[in-house]
1. Output the number of the condition that B:PHE99 fails; it satisfies all remaining conditions of (1) within 24 Å of A:PHE95 (Cα to Cα); (2) part of a strand (DSSP E or B); (3) within 11 Å of chain A (Cβ to nearest Cβ).
2. Only one of (1) of a type outside the set (A, V, I, L, M); (2) over 11 Å from the mean Cα position of the chain (by Cα); (3) buried (at least 20 other Cβ atoms within 10 Å of the Cβ) fails for A:PHE74. Which number is that?
3. For the range B:33-45, check the following and say yes or no: at least one residue is more than 17 Å from A:PHE101 (Cβ to Cβ) and crowded, with 20+ Cβ neighbours inside 10 Å.
4. Listed residues B:ASN31, B:ASN38, B:ASN108, B:ASN22; which is at pLDDT below 95 and out of contact with any Gly (no Cβ under 7 Å at 6 or more places or on another chain)?
5. Is it the case, given these coordinates, that A:GLN17 is surrounded by 12 or more Cβ atoms within 10 Å (Cβ to Cβ), touching a strand residue (DSSP E or B) at 6+ places or on another chain (Cβ under 9 Å), more than 13 Å from every other protein chain (Cβ to nearest Cβ) and part of a loop (DSSP other than H, G, I, E, B)?
6. What's the total number of residues in the range A:83-111 that are within 15 Å of A:VAL60 (Cα to Cα), surrounded by 14 or more Cβ atoms within 10 Å (Cβ to Cβ) and away from chain B (no Cβ under 14 Å)?
7. Can you go through B:SER24, B:SER79, B:SER71 and tell me which one is of a type in the set (S, T, N, Q), buried (at least 19 other Cβ atoms within 10 Å of the Cβ) and away from chain A (no Cβ under 14 Å)?
8. Using the structure shown, decide if A:TYR64 is among the hydroxyl-bearing types (Ser, Thr, Tyr), crowded, with 16+ Cβ neighbours inside 10 Å and within 11 Å of chain B (Cβ to nearest Cβ).
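The values are calculated or read from the model by the stated rules, or taken from the named source; none is laboratory data. Predicted model, so just to flag it, every value in this text is computed and none were measured. For neighbour counting, all protein chains shown are included, and Cβ atoms are generated from backbone atoms with ideal geometry for every residue, glycine included.
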Amino acid sequence: NAGVTQTPKFQVLKTGQSMTLQCAQDMNHEYMSWYRQDPGMGLRLIHYSVGAGITDQGEVPNGYNVSRSTTEDFPLRLLSAAPSQTSVYFCASRFGYNEQFFGPGTRLTVL
Amino acid sequence: SQQGEEDPQALSIQEGENATMNCSYKTSINNLQWYRQNSGRGLVHLILIRSNEREKHSGRLRVTLDTSKKSSSLLITASRAADTASYFCVQGGSEKLVFGKGTKLTVNP
């Protein structure tokens, strides 16, 4: 199993650009989540999904969109990047109420 | 809120000493989970304790759970420099897993 994979590892954007952060898992987990982590801070939940076709907002959803067309994939879209979105983004998945598996993260800088 | 709150925010100890971190939560839980994050990396699951358990061990880790006080503690025995990391607790048993700010542990050689 590859676990949870994220691409790209690093990305630099200009203000106003859009992009999609990719996340995939091969463990057939129904739950998937996106978090952002700013320096010295904990993780803040952006969006989450409890299964294909079902998504919901977390703590900081503004400026981000998600979709879940398959069990495996959960992409995160930045519609119009802003410097405040400079952060490290983590994708995670789990089966039921069990342990959560995290991807390696994407470091995003918005200039 | 489903967020766990870790205490202390930072802890510095010498190699070989024990490290204890605490977690408080506000709502009833199905389980409580502890995670570790090494600098710049993704979180790694350490241990899950269910609401009907009071204590659980995994190697040098010991977790306790007191549901009457809505609190948990993580004990790392005989700490090593490699244990230097941030540690997070999270309430399991819901669709959303919301993390706190964690405890930053530094183990000095």
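1. Only one criterion is unmet by B:PHE99, namely (2).
2. Evaluating A:PHE74 over (1) of a type outside the set (A, V, I, L, M); (2) over 11 Å from the mean Cα position of the chain (by Cα); (3) buried (at least 20 other Cβ atoms within 10 Å of the Cβ) leaves (2) as the failure.
3. Checked the range B:33-45: no residue is more than 17 Å from A:PHE101 (Cβ to Cβ) and crowded, with 20+ Cβ neighbours inside 10 Å.
4. Unique residue meeting the criteria: B:ASN38.
5. For A:GLN17, the condition - surrounded by 12 or more Cβ atoms within 10 Å (Cβ to Cβ), touching a strand residue (DSSP E or B) at 6+ places or on another chain (Cβ under 9 Å), more than 13 Å from every other protein chain (Cβ to nearest Cβ) and part of a loop (DSSP other than H, G, I, E, B) - is met.
6. The number of residues fulfilling the criteria is 2.
7. B:SER79 is the lone residue from the list that is of a type in the set (S, T, N, Q), buried (at least 19 other Cβ atoms within 10 Å of the Cβ) and away from chain A (no Cβ under 14 Å).
8. No: the conditions fail for A:TYR64.
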